[in-house]
Structures are given as structure tokens and as C-alpha cells.
Amino acid sequence: MNPQKGRVAKEVVYGIISWLEGKGIDILLTKEGGDFLGKREMAVDDLDFASSVEIALIVGGDGTFLKAARLLAPQGVPMLGINLGRLGFLVSESVATLEIALSKVLEGKFEIDERLMLEARFKGETLYALNEFVIMKGAFARLINLEVFINGDYFTSYPADGLIISTPTGSTAYSLSAGGPILQPGIQAMVLTPICAHTFYARPIVISSLSCIRVVVNADHKDIMLTQDGQAGFNVLPGDEIVIKRAPFFAKVITFRGRSFFELLRKKLKLGVIPGD
């Protein structure tokens with residue numbers, strides 16, 4: 001859950017706990033959630049939580065869901081997102097329909113939407129992302145040059161502010177804002193979207209999810225970052241390499257029959273809506 005949602009988050013989660021306890025369901029909270037709610041007796045640390053729960057309810061916005069996915073996806077835990085944020089692509093269930101959704105989950109009347117995740121190898125660390133990895137310069141820094149290799153073959157060099165490597169799930173996030181295409185979530189592909197490239201030929205490209213991407217960073221300064229779902233950042237130096245490929249697991253998102261990705265696009269991005277209507 002997202003403690004920054006304050007009173008509303010507490011009311012929603014208290015209601016969920018009460019409803020589930022009334023059905024005889026055992027409940028666990030993350031340590032952060034237990035501290036926030038004053039229910040430390042229900043809380044366990046993150047790793048124990050991920051290895052113990054059968055289904056996770058994510059209360060907050062898309063950012064909360066992204067953080068939870070990096071914890072829970074390696075353990076194959078199905079996740080249901082409950083939206084307290086604004087956009088809500090991933091946390092698409094509203095508070096108003098929450099009890100209906102929970103009843104369907106308990107009855108097994110749901111589907112699992114498997115979402116591709118990315119794995120990055122950087123300086124001996126292994127990182128995961130559900131939306132995207134971004135290699136980018138700092139706000140006042142000069143352009144960086146990013147050499148991109150795909151499956152060992154040299155592809156191109158981008159003199160740019162940065163490069164987004166996105167999943168289909170992330171194609172409606174930062175990549176979309178930078179001019180990238182929208183991909184259906186089930187497509188097994190990745191999107192490379194340059195950010196403000198200083199060249200006429202740079203365009204987003206969609207490649208197979210079986211591809212392995214290696215990016216070599218060249219610059220005459222050190223104000224460079226690798227970001228993970230826009231939530232964690234790592235300093236990058238000139239000459240550093242980042243290797244990105246499909247993760248060995250999927251994020252399992254709980255959905256319900258009758259929900260359409262294209263309906264979600266219309267509602268969230270106002271596609272096909274005439275301004276003023």
C-alpha cells in the first residue's frame with residue numbers, strides 16, 4: 001500500500017482487512033504497511049511476505065504497483081491493484097467495485113494477465129523493472145552518446161538526452177510521452193525509444209523480447225543515471241555498459257472477464273474523445 005495516500009488509504013485497507021477476516025481469510029501485511037496501520041502483529045518483512053502470500057492486494061497508484069511487482073513477481077504472486085491514484089493503468093480496480101472484485105477473487109472467477117518484465121545487469125547487480133529502464137543525462141548536463149548492440153550486433157548510436165527500454169506495459173508510460181508506440185500488454189516485445197535525440201534518423205524501434213540489448217555509455221561528463229521504473233536511480237560513468245533482456249519471470253496481474261485493454265486506453269488516455277465533449 002502507499003502510506004502517502006494517508007487517511008483514504010487507511011480507511012480502504014481497514015475495510016479490506018475487516019471484510020477478509022469476516023470470510024476467514026488469513027492476512028499478512030508488509031512491515032511498512034503494518035507500521036502505517038498500527039497492525040504490526042500482522043506484518044512480516046518483505047521477503048517473507050513475498051514467499052508466504054497466495055494473492056497480494058496492492059492499494060495505491062501505479063507507482064505502488066510497480067514497486068510491489070519487483071518484490072512479488074519473482075515469487076509468482078498474483079496481484080490485484082486497487083486504485084487510489086490518478087491514472088491507474090495497473091491498479092484498475094476502483095474502491096467502489098472493490099467488494100465485488102474481492103468476492104470474485106475468493107470464488108476463483110478471475111484471469112491472470114502475465115506481463116513481461118525486464119532484467120538489467122549493471123556493475124555486477126541484477127535489477128528488474130515492469131515498466132522500463134531509462135539511461136539519461138542530468139538536467140543541466142550535455143548530451144550523451146549511447147551505443148546500442150542487439151544480440152551482439154552493433155545497431156546504432158544515439159546522441160541524445162537518453163534512451164528508454166520499455167516493456168509493453170511501460171509503453172503507455174514514459175516511452176509514450178517520448179513518442180514511442182503503444183503495445184498490447186501480451187505482446188512479447190521491447191521498445192527502444194530515444195529521448196530528444198540530436199539526429200533526424202532516430203525513431204523508436206520494437207524488437208523481440210528474446211533479444212539481448214547492450215548499451216555502452218559515452219560522455220564527457222559524469223552526470224548520468226540509470227533509472228528503474230522511475231523509482232530507483234544508479235550513477236553511470238562514461239564507458240559503463242548496461243545489459244538488458246527479458247526477465248526469467250512475469251508479473252501476474254489479476255483481471256476480470258469483460259475488461260478490455262482498448263477500453264482502458266479510451267478511458268485513461270481519452271483516445272477518440274473530442275475535447276470539450
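The values are calculated or read from the model by the stated rules, or taken from the named source; none is laboratory data. Bear in mind the structure is a predicted one, so any value in this text is a computation, not a measurement. Ideal geometry is used to build each Cβ from the backbone, glycine not excepted, and the neighbour counts take in all protein chains shown.
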- Query: Being in contact with a Lys or Arg (Cβ under 8 Å, 6 or more places away or on another chain) and over 21 Å from residue 254 (Cβ atoms), is that true of even one residue in segment 45-61?
  - Reply: yes
- Message: Six or more apart or on different chains, Cβ atoms under 6 Å: show the pairs whose first residue is in segment 151-174 and on the phi < 0 side of the Ramachandran plot and whose second is among the basic types (Lys, Arg) and at pLDDT 95 or above.
- Response: 161/137; 169/115
- Message: I'd like the full set of residues that are basic (Lys, Arg) and either assigned to a strand (DSSP E or B) or not assigned by TED's automatic domain parsing to the domain that holds residue 180 (or both), limited to segment 122-168.
- Response: 137
- Message: Restricting to segment 1-53, and then to whatever is among the basic types (Lys, Arg) and free of Cβ contacts under 8 Å to residues at least 12 places away in the same chain, can you tell me which residue is surrounded by the fewest Cβ atoms within 10 Å (Cβ to Cβ)?
- Response: 7
- So how many residues does segment 220-233 have that are assigned to a strand (DSSP E or B), buried (at least 18 other Cβ atoms within 10 Å of the Cβ) and either among the acidic types (Asp, Glu) or within 18 Å of the chain's Cα centre (by Cα) (or both)? 3
- Given the conditions (1) more than 27 Å from residue 72 (Cβ to Cβ); (2) touching a helix residue (DSSP H, G or I) at 6+ places or on another chain (Cβ under 8 Å); (3) exposed (fewer than 14 other Cβ atoms within 10 Å of the Cβ); (4) at pLDDT 95 or above, and given that residue 239 satisfies all but one, which numbered condition is not satisfied? (2)
- Task: Restricting attention to segment 196-219, report how many residues are part of a strand (DSSP E or B) and over 27 Å from the mean Cα position of the chain (by Cα).
- Result: 1
- Message: On the basis of being closer than 19 Å to residue 243 by Cβ, surrounded by fewer than 15 Cβ atoms within 10 Å (Cβ to Cβ) and not hydroxyl-bearing (Ser, Thr, Tyr), does residue 163 make the cut?
- Response: no
- Query: Is it true that some residue in segment 182-191 is closer than 20 Å to residue 232 by Cβ, at pLDDT 95 or above and outside any helix (DSSP H, G or I)?
  - Reply: yes
- Checked segment 146-169 for anything under 16 Å from the mean Cα position of the chain (by Cα) and under 24 Å from residue 223 (Cβ atoms); matches are 164, 165, 166
- Residues located in segment 235-259, provided they are touching an Asp or Glu at 6+ places or on another chain (Cβ under 8 Å), outside any loop (DSSP other than H, G, I, E, B) and closer than 16 Å to residue 162 by Cα: 244
